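A quick write-up on the structure given underneath.
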Amino acid sequence: DAGVIQSPRHEVTEMGQEVTLRCKPISGHDYLFWYRQTMMRGLELLIYFNNNVPIDDSGMPEDRFSAKMPNASFSTLKIQPSEPRDSAVYFCASSFFGGAGSTDTQYFGPGTRLTVL
Amino acid sequence: SQQGEEDPQALSIQEGENATMNCSYKTSINNLQWYRQNSGRGLVHLILIRSNEREKHSGRLRVTLDTSKKSSSLLITASRAADTASYFCATGGSGYSTLTFGKGTMLLVSP
């Protein structure tokens, strides 16, 4: 398997522009997570999905952030409008829950480095 | 707030030496995991220890867990320059749950 795929790897945009980050989870995984990583705040969970349904979006910082998962193999994180303080590395991760006794090990993508000027 | 807190924040050693990183957490857990992050890359799962286990080995890695003290340690023996990375602990709850990550320990191994 190719692992979790994210695109783009780098994004530079100007304040006010819309930004869309994309993620393809590992095939067969039923959980998908979006994280944001900064030096100041570390790794923050933004939102996660189970079987394409958003379960907890309490980590989404503002209404400017939205995430969708239209099918099991694709998710997007959108920021509209973007602001300089959104500059960070955004990671997508996926995992598989195999029932009682299984673990919640997560598999991370390479991340998207977002710079908002 | 962060569940896991790693200590030290940064560690610098020479190749061949052992590196020990610690993690403390606050609430009861089902398992504790360690991840590595190389510069500019995503996190990679290293090892998992369940709450009913006290020690686990994987290659040059040794993880211990003390649930009474709510702490864990990761030991990397005979370190190599390629071990240079940030190391994160993450705790998982009962059933299926999200992981809560600490802020990590930056390890620098000099040749």
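Picking from residues in the range A:16-39 that are closer than 17 Å to residue A:80 by Cβ and of a type outside the set (A, V, I, L, M, F, W, C), the one that is farthest from the chain's Cα centre (by Cα) is A:16.
Taken as a whole, the condition of being in a loop (DSSP other than H, G, I, E, B) and either aliphatic (A, V, I, L, M) or modelled with pLDDT of 95 or more (or both) applies to residue A:16. For the range B:95-111, the tally of residues that are among the polar types (S, T, N, Q) and modelled with pLDDT of 90 or more stands at 2. Restricting A:68, A:78 to those that are free of Cβ contacts under 8 Å to residues at least 12 places away in the same chain, in a strand (DSSP E or B) and more than 14 Å from every other protein chain (Cβ to nearest Cβ) reduces the list to A:68. Looking at residue A:31, is it closer than 17 Å to residue B:100 by Cβ, modelled with pLDDT of 95 or more and surrounded by 13 or more Cβ atoms within 10 Å (Cβ to Cβ)? Spelling it out, it is not the case that residue A:31 is closer than 17 Å to residue B:100 by Cβ, modelled with pLDDT of 95 or more and surrounded by 13 or more Cβ atoms within 10 Å (Cβ to Cβ). Candidates are the residues of the range B:97-106 that are closer than 12 Å to residue B:6 by Cα and out of contact with any Gly (no Cβ under 8 Å at 6 or more places or on another chain); the one that is surrounded by the most Cβ atoms within 10 Å (Cβ to Cβ) is B:105.
Conditions tested, residue by residue: (1) of a type in the set (Phe, Trp, Tyr); (2) in contact with a Ser or Thr (Cβ under 6 Å, 6 or more places away or on another chain); (3) more than 14 Å from chain A (Cβ to nearest Cβ).
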position: B:69; (1), (2), (3): no, no, yes
position: B:74; (1), (2), (3): no, no, yes
position: B:80; (1), (2), (3): no, no, yes
position: B:84; (1), (2), (3): no, no, yes
position: B:87; (1), (2), (3): yes, yes, no
position: B:91; (1), (2), (3): no, yes, no
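The values are calculated or read from the model by the stated rules, or taken from the named source; none is laboratory data. Note that the coordinates shown come from a computational prediction; the quantities given were computed from them, not determined experimentally. Note that we place each Cβ from the backbone using ideal geometry, even for glycine, and neighbour counts take in every protein chain shown.
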